[in-house]
Amino acid sequence: MNKSLIFTYISLLFFTLITAVLSIYLPISKLLISLVLGFATVKFLLVVYQFMELKKANIFWKMSVLLTLGLLVLLLLFLKK
């Protein structure tokens, strides 16, 4: 395996472990929800760019994914309040 795949795999494991530990030790709050959603966003981007090969795709698809993700995050932030 090449270095970028190993880095992505370790990063995904790290973010999953951190999410699990935070959910065990922190009470459910807006901070915890924000952290978990942030880690999920980072994990989503790692998977999309590495394993779905979005890094090799046309700029339209890259911008489409980022715009959709940005709108989803904004929607969740406004619904949370």
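Quick notes on this one:
- Scanning the range 43-53 for residues that are in a helix (DSSP H, G or I) and either touching a Phe, Trp or Tyr at 6+ places or on another chain (Cβ under 6 Å) or of a type in the set (Phe, Trp, Tyr) (or both) returns 43, 44, 49.
- Checking each residue in the range 34-61 for being modelled with pLDDT of 90 or more, surrounded by 12 or more Cβ atoms within 10 Å (Cβ to Cβ) and more than 15 Å from the chain's Cα centre (by Cα) picks out only 61.
- Where a residue in the range 42-62 is on the phi < 0 side of the Ramachandran plot and of a type outside the set (S, T, N, Q) and its partner, wherever it lies, is part of a helix (DSSP H, G or I) and loosely packed, with under 12 Cβ neighbours inside 10 Å, with Cβ under 6 Å and at least six apart: 49/55
- Applying the condition of being exposed (fewer than 13 other Cβ atoms within 10 Å of the Cβ) and farther than 12 Å from residue 38 by Cα to the range 62-73 and asking which residue is farthest from the chain's Cα centre (by Cα) yields 63.
- Flag for residue 30 being of a type in the set (D, E, K, R), exposed (fewer than 10 other Cβ atoms within 10 Å of the Cβ) and touching a helix residue (DSSP H, G or I) at 6+ places or on another chain (Cβ under 7 Å): yes
The values are calculated or read from the model by the stated rules, or taken from the named source; none is laboratory data. The structure presented is a predicted model; accordingly, all values stated were derived computationally and were not measured. Quick reminder, even Gly has a Cβ in these numbers, built from the backbone with ideal geometry, and neighbours come from all protein chains shown.
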